[in-house]
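Worksheet: the structure to be examined is printed underneath.
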Amino acid sequence: MTWETVSAIFLFLLGLGLIIKGGDVFVDAATWMAEASGIPKFIVGATVVSIATTLPEVFASAIAAANGSTEIAIGNAIGSVTANTGLIMAVSVIFMPMAIKRAQIGVKAGMMLTSILALLLVCLDGALTLWDAVLLIMLFLAFIAENVYSASKNKEHGERPQVTKKILLMNLLKFVLGAAALAFGSNLLVDNGKYLAKLLGVPERIIAITLISIGTSLPELVTAITALIKKQGSMSVGNIIGANIIDITMILPICAFISGGTLQVPVDSFALDMPVCLAIAAVALIPTLIFKKFHRAQGIIMVGGYAAYLIYSVLM
């Protein structure tokens, strides 16, 4: 293994670490600022926090789109949704099958399936246009509105956090450093991901749907593991569904805007990645909404389907 290869692997992992930690720091600071400004906590939770775990995917795909690496931009966004569902949610379901109330996830589950299907349909012509992006953004705004409405029914009236000059400066510094870590880490991740793809002789899309998408889904994985330990599986499922909706309805429209209004979609993305994403999501959500329970068999099918998809993608 050459020094250049070792260096590329190290920088790739460094970039991944920076965007995960940077996202954590950035969201902490943004949440504090929002609460300190007097914005109700239920709105902060329904907006800032709901977007928190998707920041790695947002920055990685946006940087890729800006650099002209559309396969990485699209592969990361779709691949993250598939990884969230077929790997992280599936593992949660396997280890903790759970009953659910349709009222808790019904609307969000429907929005997730609708978002994936809408993306697949608008990309059938091989491109995500400006008007397609606007449609997806409207779904994103509908999701945020539904979050705010749901949270308002169970809102908490907490006190505003203490604001001193020292605390304000500390949070401003965290905000700036978090944003810088996200941007710099995303550059490292994309640049070295492209290098590794070329070195291994595989398409950038393969790197995107494997290393990058699974890597940028680590915040959801941490949340899932924590929820399993605390026996709060529904919290993990809710977080994953929300993150998936945001991945679909916010990341790719941003990439389309960055690309000048039209994002070219590789054939494999809408012929394979998107249908698989929709199929795994359907296995996860449709039986659950019908029977009001996540069954262990669903998780096994989801993991098996995800593994088969990755193997086929790599070997084809």
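The values are calculated or read from the model by the stated rules, or taken from the named source; none is laboratory data. Bear in mind the structure is a predicted one, so any value in this text is a computation, not a measurement. Heads up, the Cβs are rebuilt from the backbone with ideal geometry, glycines too, and the neighbour counts pull from every protein chain shown. The accessibility values were calculated without ligands, DNA or RNA, using every heavy atom of the protein model including side chains. Shrake-Rupley method; radii C 1.70, N 1.55, O 1.52, S 1.80 Å.
Observations
- Across the range 251-282, the number of residues qualifying as part of a helix (DSSP H, G or I), open to solvent by less than 40 Å² (accessible area, probe 1.4 Å) and either of a type in the set (Val, Ile, Thr) or closer than 15 Å to residue 64 by Cα (or both) comes to 7.
- In the set (1) among the hydroxyl-bearing types (Ser, Thr, Tyr); (2) in contact with a Phe, Trp or Tyr (Cβ under 7 Å, 6 or more places away or on another chain); (3) open to solvent by 10 Å² or more (accessible area, probe 1.4 Å), residue 312 fails one condition alone, (2).
- Here residue 122 fulfils each of the conditions (1) open to solvent by 50 Å² or more (accessible area, probe 1.4 Å); (2) closer than 20 Å to residue 281 by Cα; (3) free of Cβ contacts under 8 Å to residues at least 24 places away in the same chain apart from (1).
Conditions tested, residue by residue: (1) open to solvent by 10 Å² or more (accessible area, probe 1.4 Å); (2) modelled with pLDDT of 90 or more; (3) among the small types (Gly, Ala, Ser).
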| position | (1), (2), (3) |
| --- | --- |
| 36 | yes, no, yes |
| 46 | no, no, yes |
| 67 | yes, no, no |
| 72 | no, no, no |
| 78 | no, yes, no |
| 96 | yes, no, no |
| 100 | yes, no, no |
| 117 | yes, yes, no |
